[in-house]
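Structure first, commentary second.
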Amino acid sequence: MVKSGERAHKRVYRLGVDLDGVLGDPVVPTLKRLQQQGKGRDLERRDITEWYTEIDDTNISAEIENNLRDPAFVEAVPVIPSSQAVMQQLWKEFHVIIVTNRPQETEASTRQWLRTHFSTKRRSSRGHPCFHQYVGTRKRGKLQVDLDFLIDDHLKTVKKFALKRGTALLFSQPWNEKLDDEEIAQLLREGQIIRCRNWPEARETLKEITNMDEEVRSS
């Protein structure tokens, strides 16, 4: 119970942040590798409008999965624009948990990539990580992690989260622009899923949601 004259502590929300397609972009280097093999020569990132986009005798999802087992590939994945600056802010405001389905065999490389790009002093071993936990969800699934909000680019994942856990922020990518699922469309209309076009928009959305929740809790 809060005593008279004392202010209740502001709730610290648990924010799940996906890695691929949200913090890092494995699509561009995967296309580059394929084109070096003579496949998908004319394809660009914007052409990957489905997660299983076919490229000659393979598809982009299978190729990314294969590449993510290569430590050299993992360590060279480019960073999504503005993610570093916003994560520097979010880890001070939320309990940030990295949730990823990446292969376990390259987890050490993934953690090193995060230390390199998402620390308070980037590229310094003395920097503090801009997140509080790292959870590999390949076996357990993201719904098993205690989260209030989730930022993810996978349509099925945000749908499941919105239906069973809380508000999901759909991080816009070419492969999630097309909506064939009426249930997802309805969740978007109801605000259970909120599409964010970039990282600054994601941060503003989180501020609005948490402010509204705090107002309800204090009323």
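One table, with the values for the structure above:
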item	result
Order by protection proxy (mean Cβ within 10 Å, highest first), peptides 151-160, 185-194, 100-109	151-160, 100-109, 185-194
Glu65 paired with Glu107, simple spin-label distance in nm, labels 7 Å along Cα-to-beta-carbon	2.0 nm
Estimated inter-spin distance, Gln36 and Tyr134, nm [label 7 Å along Cα→Cβ]	2.4 nm
Prolate/oblate/rounded label for the stretch 27-67 (Cα gyration tensor, a/c 1.5)	rounded
Gained length - Ser172 relative to Ala76, 0.36 nm times residue gap less alpha-carbon distance	32.3 nm
Sequence-separation-based contact order of the chain, relative, with Cα cut under 8 Å and 6+ spacing, percent	22 percent
Residues with amide H under 5 Å from that of Tyr13, placed H, sequence gap 5 or more	His95
DSSP bridge pairs, the chain: antiparallel proportion in percent, nearest 5	15 percent
For the stretch 69-108: rounded, prolate or oblate by the Cα gyration tensor [a/c cutoff 1.5]	oblate
Max mean-square fluctuation residue, GNM over the chain, Cα-Cα springs under 10 Å, options Ala202, Ala72, Ala168	Ala72
Scattering curve values for the chain, log₁₀ I(q)/I(0), Debye with Cα scatterers, q = 0.11, 0.12, 0.16 Å⁻¹	-0.57, -0.67, -1.16
Per-pair calculated FRET efficiency, R0 = 35 Å: Asp180 and Asp57 via Cβ, rounded to 0.05	0.85
Exposure proxy ranking, count of Cβ atoms within 10 Å, fewest first, for Asp25, Asp57	Asp57, Asp25
Residues with amide H under 5 Å from that of Ile194, placed H, sequence gap 5 or more	Ala168, Leu169, Leu170
Per-pair calculated FRET efficiency, R0 = 22 Å: Thr120 and Thr49 via Cβ, rounded to 0.05	0.05
Greater than 26 Å apart at Cα, pairs in Lys142/Lys207; Lys92/Lys156; Lys32/Lys92; Lys39/Lys156; Lys139/Lys164; Lys142/Lys178	Lys92/Lys156; Lys32/Lys92; Lys39/Lys156
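The numbers here are math on the coordinates, done by the rules we state, and not lab data. Nothing here was measured: the structure is a model prediction, and the numbers come from that model. Note that we place each Cβ from the backbone using ideal geometry, even for glycine, and neighbour counts take in every protein chain shown.
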